[in-house]
Amino acid sequence: MGEEKRKRERFPLTQDVALTTSDGTVINSSGVNISEGGILCRTEKEIKTGTPVTFNITIPIGKRDVTVNCEGVILRCIKNNDRFDVAIVLTEQEYS
């Protein structure tokens, strides 16, 4: 069995995530998982590695939902059947 190389625990993410690039393009994606340092999304459009993106996610905490405004950079984009798995490293997070 292979050794786990991930440094941070992943948690399932089952919400739609609208990724906005620096030129204002919005790319719709589906969240797959999230960790302290990044997020994995699935999209129909390829996004170039190194592309900065912004997005919001909602996290339930206790009896309320918290919106997290995130900035990140595309770490990798790998074709997976007819979609793309897009790994984003988080560079900034603001909770509201």
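When the Kirkwood radius is taken over all Cα pairs of the chain, what Stokes-Einstein diffusion coefficient follows at 25 °C and 0.890 mPa s, in µm²/s? Result for D is 177 µm²/s.
Highest mean first, the peptides 44-51, 59-66, 13-20, 31-38 sorted by other C-beta atoms within 10 Å per residue fall in the order 31-38, 13-20, 44-51, 59-66.
Extension gain, Arg42-Asp16: 0.36 nm per intervening residue step, less the Cα-Cα distance, totals 8.4 nm.
Throughout, read-outs are computed from the coordinates displayed, never taken from laboratory work. Predicted, not measured: the structure shown is a model, and the values here were computed from it. Backbone-built Cβ (ideal geometry, glycine too); neighbour counts: all protein chains shown.
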